[in-house]
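The values are calculated or read from the model by the stated rules, or taken from the named source; none is laboratory data. Nothing here was measured: the structure is a model prediction, and the numbers come from that model. Quick reminder, even Gly has a Cβ in these numbers, built from the backbone with ideal geometry, and neighbours come from all protein chains shown. These area figures cover heavy atoms from the full protein model, side chains too; ligands, DNA and RNA do not enter into them. Shrake-Rupley method; radii C 1.70, N 1.55, O 1.52, S 1.80 Å.
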Amino acid sequence: IVTDGVFSMDGDLAPLAEIHRLSEEFGCRVVVDEAHATGTFGPGGRGTVSAAGLSGQIDVVVGTLGKALGSYGAYVCASAETTGYLTNTSRPFIFSTAPAPPAVGAATRALEILIAEPGRVASLGANAATLRAGLKTRGLDPGDRETPIIPVVIGDAGRTMEACERALANGVFAQGIRPPTVPEGSSRLRLTVMATHTEAEVVRAAAVISEAAIGAGATQSPGSANAGG
C-alpha cells in the first residue's frame, strides 16, 4: 500500500491506522510519503506516521528536504535490508549525483531548528486556522482539514489564474493550480502559510485572497457573513 500522509491538493490526511491494520491482516508492506507532513504536522513536525502513533511500524517512509525544510533532495527511511536493496537496485538513485554539501547543511540545520523550536509547528497550525477562518467569514469554503494546505476551489482554469493574478497584484501569492495537476473543473488556489507569518499578515491575506477569488467568479457559500467580500 503506497500513500501520501498529507495529500497535496486538498490537505487530506491518509487513514494510516486503518491502512496499517489492513497491511497486517493481508501481509503487505506500507509506504508513506511524508513530503507535505515533514516539519508541518504531528508531534514536533515528525509527520503523519508519528501523529498516528505508528513510528517504527511503517515499512518505508519517504519524504523531501525541499518543502518545509527549505533545501532540496529527498530521503527514504526503512530497515537496513530495504535501504540496502534500494541502494543497489534503484536506477534513479544509482545514476544520480549526491546532494551538494550546502543543501545537506541547510537541511541538517533546518532539522536542528525544528527539534529545538517545536513551537513553530503549533504556530503554523494556528496561522492555518486563522486563514481558514478568514476565508470562511468572507463566504469561501476552504474545508476543515487539520493541515496547512488550504484549497479554494474555483473550478474554471481561466478564472483561477485570474484570481491568482488579482491576489498577486495586491501583494499576496496564492498559487493557481489547474489541469493536468487537478481534474477538469476543479482548478483552485492552493494556499499555505508559514509559521513566521504574523496574525495581521494572515488576516490581510484572507481578505485579499477572498476579494480576488470572488472577483474572479468563485462561488460563495449560502448565507456568508460578508457576501461580496
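Exactly one residue out of T97, T3, T83 is outside any loop (DSSP other than H, G, I, E, B), over 30 Å from S187 (Cα atoms), of a type in the set (S, T, N, Q) and without any contact (Cβ under 8 Å) to a residue 60 or more places away in the chain: that is T83. Screening the candidates A212, A128, A133 for the property of being over 28 Å from A51 (Cα atoms) and in a helix (DSSP H, G or I) yields one hit, A212.
If only residues of region 142-153 that are more than 18 Å from H197 (Cβ to Cβ) and part of a strand (DSSP E or B) are counted, the one that is least open to solvent (accessible area, probe 1.4 Å) is P151.
Could you grab me the full set of residues in region 154-193 that are out of contact with any helix residue (DSSP H, G or I) (no Cβ under 7 Å at 6 or more places or on another chain), aliphatic (A, V, I, L, M) and part of a loop (DSSP other than H, G, I, E, B)? V182 - this is the single residue of region 154-193 that is out of contact with any helix residue (DSSP H, G or I) (no Cβ under 7 Å at 6 or more places or on another chain), aliphatic (A, V, I, L, M) and part of a loop (DSSP other than H, G, I, E, B). Here L13 passes the criteria (1) crowded, with 16+ Cβ neighbours inside 10 Å; (2) without any contact (Cβ under 8 Å) to a residue 60 or more places away in the chain except the one numbered (2).
With respect to (1) outside any helix (DSSP H, G or I); (2) open to solvent by 30 Å² or more (accessible area, probe 1.4 Å); (3) among the aliphatic types (A, V, I, L, M); (4) over 26 Å from R109 (Cβ atoms), the lone exception for L54 is condition (2). In region 191-205, the residues that are under 15 Å from A174 (Cβ atoms) form Cβ pairs under 8 Å with partners that are open to solvent by 60 Å² or more (accessible area, probe 1.4 Å), at six or more places apart or across chains, as follows: L191/Q175; A205/H197.
Scanning region 23-47 for residues that are out of contact with any His (no Cβ under 7 Å at 6 or more places or on another chain), among the hydrophobic types (A, V, I, L, M, F, W, C) and surrounded by 13 or more Cβ atoms within 10 Å (Cβ to Cβ) yields V31, V32, A35, A37, F41.
When the residues of region 32-51 are filtered to those that are part of a helix (DSSP H, G or I) and among the β-branched types (V, I, T), the one that is nearest to D12 (Cα to Cα) is T48. Entry remark, region 76-117: residues being touching a strand residue (DSSP E or B) at 6+ places or on another chain (Cβ under 7 Å) and either open to solvent by 50 Å² or more (accessible area, probe 1.4 Å) or hydroxyl-bearing (S, T, Y) (or both) number 5 in total.
Just one residue in the set G5, G73 is at pLDDT below 95, open to solvent by less than 40 Å² (accessible area, probe 1.4 Å) and in contact with a helix residue (DSSP H, G or I) (Cβ under 8 Å, 6 or more places away or on another chain); that residue is G73.
The set of residues from region 154-168 being surrounded by fewer than 24 Cβ atoms within 10 Å (Cβ to Cβ) and among the small types (G, A, S) comprises G155, A157, G158. Only one of the numbered conditions (1) surrounded by 14 or more Cβ atoms within 10 Å (Cβ to Cβ); (2) over 19 Å from the mean Cα position of the chain (by Cα); (3) among the charged types (D, E, K, R) is violated by R178, and that is (2).
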